[in-house]
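Structure record follows, encoded as structure tokens.
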Amino acid sequence: MAKHTRERAPLPVSSEQEPRGWSLSARLILLLTLLVGAVMALGGWYIQRQRVAILETATRNELRAHAATLQIALEGAYRDGRLDAGQRLINRLSETPKIYSVIVFDEHGQATMLSNPTALPSLRSAPAVQQVLTTGETVEFASDMELFSIVMPLRLSNGRRGAVEVSQPTSFIAADRGRARRDIAMIALALFAAIAAGVMLVMRYGLLHPLRELLGGVAALGSGEFDYRVIVPRGGHELTRLAQSFNQMAASLAWQRNEARRAAAHELELERKLRQSERLAVVGRISAGVAHELGAPLNVIKGRVGMVQVSGPALPEKQRRNLTIINAQVDAITHLVRQLLDLARPFHLQHEALDLRELAAGVCELVEADARKQGVQIELPLTDPVWVEGDRKFLHQVLLNLCLNGLQAMERNGGGVLRFTFAVSTDHATAAHIGRGMNGYTMLRLADTGPGIAPEHLEHIFDPFFTTKEVGKGTGLGLSVSRRIVEEHGGHIDAANGRQGGAVFTIWLPRAVAPQSPSAQAGENEAAAIMGADN
Ligand code: ADP
């Protein structure tokens, strides 16, 4: 078989698995040999019998003709008194290989002329001669010596009735029979050889190869190799259909296995998400408690520090520095507390139609000074407004967090590029993938030229408290809060590494209908096309 979709060698079937006993081809050859042998024996016997009968009839007719001619010639010789001519005639005739002997008898039944001295009249011929002398009728008989004889009446010179016996050997008929048997045996042998070769060829290429292929397929399926396909033999016969059905069955098994795997993976994912949200809920409760307990004292400390800083110009420099440090630390703790609260508390989003590009431009202004210090160039494409449905304050927080992360990632590079890209999609597949968004989605992509995210970290970076930054530099809450904000908006955020290195964050947010002014409408229409390609 040659597998349509497969160029793989069939799996070997070990000899231990092969059943012992006569192979199929040996059985078939034996059966056909017996059948053909029986038919050949019967047919040969019948043909040979016919052939012998025809041969016997032909030779008898020939002998009768010879005897009749001889009778006329001898009667002429007797009438003319030329017995020597009669003897010569007998000698000539007996030279023919098909004539064994010629004997002429007188009216007493005594042999008077012989074709050769050894051809003495046999005992069996005596009664026949007597019968001819008495009745004048021709007699035919076969003797023990494998001879066939004809005795005819003969008018002698004295007017009395004599007889002439012409004998013919029948051994050539037996020889012919032997030859015929040999011929039939040779034909039968040739037929057997042809049948055996034919059966072996058909069995080998028409049956055994396809069956071996199928056995290989069954073994492969048995060992869980559901992508295995057998080669379908040509010819459209039963084995072709069997191989096709096998392949269909294998394809269906493979499909079912993939479905089962997909379902299992889906279940695992659901379970992971459930555990994650359970963990988040616990973290949220603790965070809310801690934030609440810490919030009030921190406010008091900050107020008092501010009052002391303002009211005490005469404070020594060392105390002033200490107060500045305390103030910065209180700010850091307040920031952490706010992030914890963002993670835990329910959001009250103020939805409005926002131009995402304008929001990004505001964030860029904030980080521009830091970027310049680092030698980082910010690329924000000049596009028409990109409308999204969202809360300005929260989305600002997300963009700021992503920008700061990008800048931090490029800190050691001594420069780099922070690039924004926008696009709009009304594609249903995207909508189905993300969830909501009646008007389609707006995409914002932020790529940096930093070291990128280690592959083993990719699936954890949105987990709360996951950070690779040194102590005091990162809380590991920025991305988890950002994801929560984006998802609360009915959007989606993911992270990847760019083809040329660096991290790439992509955010999808529900697209908003632009505020209904003629110019805004035109802008929205244009935004429906892919916008802001990579510069
Ligand atoms: P934090 O910034 O406090 O560590 P985040 O949740 O914002 O917390 O980020 C989590 C982790 O994701 C970071 O510690 C860093 O390992 C990784 N990460 C975030 N942004 C980038 C980026 N632009 N390039 C490389 N890694 C990043």
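The values are calculated or read from the model by the stated rules, or taken from the named source; none is laboratory data. Keep in mind the model is a prediction, meaning the values are calculated, not measured. No Cβ is skipped: glycine too gets one built from the backbone with ideal geometry, and neighbour counts run over all protein chains shown. Heads up: the accessible areas ignore ligands, DNA and RNA and are worked out on the full protein's heavy atoms, side chains in. Shrake-Rupley method; radii C 1.70, N 1.55, O 1.52, S 1.80 Å.
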message: Tell me whether the stretch 52-70 contains one or more residues that are open to solvent by 50 Å² or more (accessible area, probe 1.4 Å) and not in a helix (DSSP H, G or I).
response: no
field: Residues (open to solvent by 20 Å² or more (accessible area, probe 1.4 Å), among the aliphatic types (A, V, I, L, M) and under 30 Å from Ala26 (Cα atoms)) located in the stretch 240-263
entry: Leu242
message: Cβ contacts < 9 Å: first residue over 16 Å from Glu459 (Cα atoms) and within 14 Å of the ligand (Cβ to nearest atom), restricted to the stretch 482-502; second residue of a type in the set (D, E, K, R) and part of a loop (DSSP other than H, G, I, E, B), any location; separation 6+ or different chain. Result?
response: Ile485/Asp391
field: Residue satisfying all of: in the stretch 158-180; open to solvent by 50 Å² or more (accessible area, probe 1.4 Å) and in contact with a helix residue (DSSP H, G or I) (Cβ under 7 Å, 6 or more places away or on another chain); farthest from Gln87 (Cα to Cα) among these
entry: Arg177
query: Within the stretch 375-382, is even one residue away from the ligand (no atom under 16 Å from the Cβ), at pLDDT 80 or above, within 26 Å of Gly501 (Cβ to Cβ) and of a type outside the set (A, V, I, L, M, F, W, C)?
result: yes
query: Which strands (runs of 3 or more DSSP E) does the stretch 350-390 wholly contain that include 2 or more residues that are open to solvent by less than 30 Å² (accessible area, probe 1.4 Å)?
result: 352-355, 387-390
query: Of the residues Gly478, Gly406, which is modelled with pLDDT of 95 or more and either near the ligand (Cβ under 10 Å from one of its atoms) or basic (Lys, Arg) (or both)?
result: Gly406
- request: From the list Ile461, Ile507, pick out the single residue that is within 11 Å of the ligand (Cβ to nearest atom) and closer than 20 Å to Phe394 by Cα.
  value: Ile461
message: Whether any residue in the stretch 260-280 is among the hydroxyl-bearing types (Ser, Thr, Tyr) and either at pLDDT below 90 or touching a Gly at 6+ places or on another chain (Cβ under 6 Å) (or both) is what I want to check.
response: yes
field: Residues (surrounded by fewer than 13 Cβ atoms within 10 Å (Cβ to Cβ) and either closer than 29 Å to Ile47 by Cβ or under 25 Å from the mean Cα position of the chain (by Cα) (or both)) located in the stretch 199-210
entry: Arg204, Tyr205
task: May I ask you to list the residues in the stretch 282-296 that are surrounded by 11 or more Cβ atoms within 10 Å (Cβ to Cβ) and either of a type outside the set (Val, Ile, Thr) or under 22 Å from Ile325 (Cβ atoms) (or both)?
output: Gly284, Arg285, Ser287, Ala288, Gly289, Ala291, His292, Glu293, Leu294, Gly295
message: Here is a list: Ala353, Ala369. Which entry is of a type outside the set (Asp, Glu), over 18 Å from Arg445 (Cβ atoms) and free of Cβ contacts under 8 Å to residues at least 24 places away in the same chain?
response: Ala369
- request: Please state which of the following conditions Glu140 fails to meet, knowing it meets all the rest: (1) open to solvent by less than 60 Å² (accessible area, probe 1.4 Å); (2) part of a strand (DSSP E or B).
  value: (1)
query: What pairs come up if the first residue lies in the stretch 457-472 and is on the phi > 0 side of the Ramachandran plot, the second is in a loop (DSSP other than H, G, I, E, B) and within 8 Å of the ligand (Cβ to nearest atom), and their beta carbons are under 8 Å apart, counting only those six or more places apart or on different chains?
result: Phe465/Thr475; Phe465/Gly476; Phe465/Leu477
message: Going by what's in this entry, would Val310 be described as within 56 Å of the chain's Cα centre (by Cα), open to solvent by 50 Å² or more (accessible area, probe 1.4 Å) and β-branched (Val, Ile, Thr)?
response: no
message: Let me spell it out: the conditions are (1) on the phi > 0 side of the Ramachandran plot; (2) open to solvent by 80 Å² or more (accessible area, probe 1.4 Å), and Gly235 meets all of them except one. Which number is the exception?
response: (2)
- prompt: Under 7 Å by Cβ, and 6 or more places apart or on different chains, what pairs join a residue from the stretch 74-96 that is more than 18 Å from Asp106 (Cα to Cα) with one that is assigned to a helix (DSSP H, G or I)?
  reply: Leu93/His66; Leu93/Leu70
- prompt: Within the stretch 497-514, can you find the residues that are touching a Phe, Trp or Tyr at 6+ places or on another chain (Cβ under 8 Å) and either modelled with pLDDT of 90 or more or not small (Gly, Ala, Ser) (or both)?
  reply: Trp508, Leu509, Pro510, Arg511, Val513
- request: Answer yes or no as to whether Asn439 is modelled with pLDDT under 95 and either more than 12 Å from the ligand (Cβ to nearest atom) or loosely packed, with under 13 Cβ neighbours inside 10 Å (or both).
  value: yes
